[in-house]
Amino acid sequence: MGNTKSIGIAYSDQDISGSDTILSSGQFGYTAAAQGTVTQATSKSTGVTLNKSAGQITMNNASLATATNVTFTLTNSLISANDILILNVGSGATAGAYNCWVSGLSAGSATVTLRNISGGSLSEAVVLNFALIHCA
């Protein structure tokens, strides 16, 4: 099936103006070159730097008590103040034991918070997956 909605002229820089939605018949996401990994060095509150649009943050395996939050800064030169940062708990974690969210975002960095919602203290190298939705 061809395009059903005319959106104008596509330019060589791939900017599409006037489109209401993005449709895809296949996968939609970042290439391998746009992804990266980083590991916290010292503690779960140690900041990390990863200048990629998507990737994985391996947190330090320091103990996190039950019902406790820990916050760290993700420094990323690709983040703008208008972007949306999506996070989820990936591997290395007890299933259903954590919540994670972006508690602050500004140009060049985001504040990430992880909460232990299990019934006890955990010492795991939690992996957080992230992806930026770049907004104008």
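The values are calculated or read from the model by the stated rules, or taken from the named source; none is laboratory data. What you see is a predicted model, and the numbers here were worked out from it, not measured in a lab. Just so you know, the surface numbers come from the protein's heavy atoms only, side chains and all, with ligands and any DNA or RNA stripped out. Shrake-Rupley method; radii C 1.70, N 1.55, O 1.52, S 1.80 Å.
Quick look at the values:
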{"item": "Convex hull volume of region 50-107 per residue (C-alpha atoms, cubic angstrom)", "result": "96"}
{"item": "Whole-Hz ³J(HN,Hα) from phi, Karplus 6.51 cos²θ - 1.76 cosθ + 1.60, for region 124-129, glycine and proline x", "result": "10, 8, 5, 9, 9, 8"}
{"item": "Whole-Hz couplings from phi, Karplus 6.51/-1.76/1.60, listed for region 73-86; x for Gly and Pro", "result": "9, 9, 8, 8, 5, 8, 6, 10, 5, 9, 6, 10, 10, 9"}
{"item": "Percent accessible area from carbon and sulfur atoms, region 61-114, protein chains only, probe 1.4 Å", "result": "53"}
